[in-house]
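Working notes, beginning with the structure itself.
The values are calculated or read from the model by the stated rules, or taken from the named source; none is laboratory data. Bear in mind that the values here come from a model prediction, so they are computed numbers and not experimental data. Here the Cβ positions follow ideal geometry from the backbone for every residue, glycine too, while neighbour counts run over all protein chains shown.
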């Protein structure tokens, strides 16, 4: 047997083994890259402070204390109505930024360097998704805590409150697939930002986040009533304050399943073409 033939013998099983990663190892790779995506928060704590402390204070100050008296008659009653919606709005804004960060990482060659490592191919994408979702959860908790300091009253209970935040997080993961799909097919992060800016206004302002839908014109109320943001906001408002959720939880979960079922395969396919 020639030297060339002998050198090929150990390479074949190694190549096959590289592509035959089990579920356990794939999950481990995803979690490792999730930790990588969170490391920059340790290196730049100011970003976490700005996102988790300063931003919630500004949101409540600008939207509740500026508009609350005019809309609801008092800032206290408006804070009780609006804070669950503000949590959902903050979640949507943060999710729509997923795509821009993903596009920048790919354009800067971060994913190319990760691809050269013996890791699961899907791990960089899932690490990005999980890491950003954890940051959103931190933002939601901080916004709720800041609201409670300002006078928001959780009138249900800790389990219902945690369930509401969990529901908003689950919905965020469904919506994230749309943002990541745009980030994967767009040529630049600027394009992703423009798309996100256009999309977030009809989603958040055309909903019951700030006002009740029965105060809107008929055509706008019709859209707001079917808007998934309205369903998530109603569910979170019921789980945090009113205690009444109706069918909003099921609508929220249904929208999450629909968004994931339609957009996740498209995003993964675009990811495989891009990487």
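So here's what we get for this one:
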quantity	calculated
Check on residue 50, over 30 Å from residue 122 (Cβ atoms), under 19 Å from the mean Cα position of the chain (by Cα), surrounded by fewer than 15 Cβ atoms within 10 Å (Cβ to Cβ) and at pLDDT below 85	yes
Qualifying residue in the stretch 181-199 (condition: buried (at least 17 other Cβ atoms within 10 Å of the Cβ) and closer than 15 Å to residue 84 by Cα)	no
Unique match (being in contact (Cβ under 8 Å) with a residue 24 or more places away in the chain and under 17 Å from the mean Cα position of the chain (by Cα)) among 239, 199	199
Filter pass, residue 263 being over 19 Å from the mean Cα position of the chain (by Cα), in a helix (DSSP H, G or I) and buried (at least 17 other Cβ atoms within 10 Å of the Cβ)	no
Pair list, Cβ < 7 Å and 6+ apart or interchain, from the stretch 105-117 residues that are at pLDDT below 80 to residues that are buried (at least 17 other Cβ atoms within 10 Å of the Cβ) and part of a helix (DSSP H, G or I)	111/105; 111/124; 114/124
Any hit, the stretch 209-221, residues being closer than 15 Å to residue 171 by Cβ, touching a residue at least 60 places away in the same chain (Cβ under 8 Å) and surrounded by 20 or more Cβ atoms within 10 Å (Cβ to Cβ)	yes
Those residues of the stretch 178-218 which are outside any helix (DSSP H, G or I) and under 30 Å from residue 122 (Cβ atoms), in sequence order	186, 187, 188
Residues of the stretch 229-259 classified as surrounded by fewer than 19 Cβ atoms within 10 Å (Cβ to Cβ) and in a helix (DSSP H, G or I), total	8
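Residue-by-condition table, conditions (1) under 30 Å from residue 122 (Cβ atoms); (2) touching a helix residue (DSSP H, G or I) at 6+ places or on another chain (Cβ under 9 Å); (3) modelled with pLDDT under 75:
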{"residue": "1", "(1), (2), (3)": "no, no, yes"}
{"residue": "16", "(1), (2), (3)": "yes, no, yes"}
{"residue": "34", "(1), (2), (3)": "yes, yes, no"}
{"residue": "55", "(1), (2), (3)": "no, yes, yes"}
{"residue": "58", "(1), (2), (3)": "no, no, no"}
{"residue": "68", "(1), (2), (3)": "no, yes, no"}
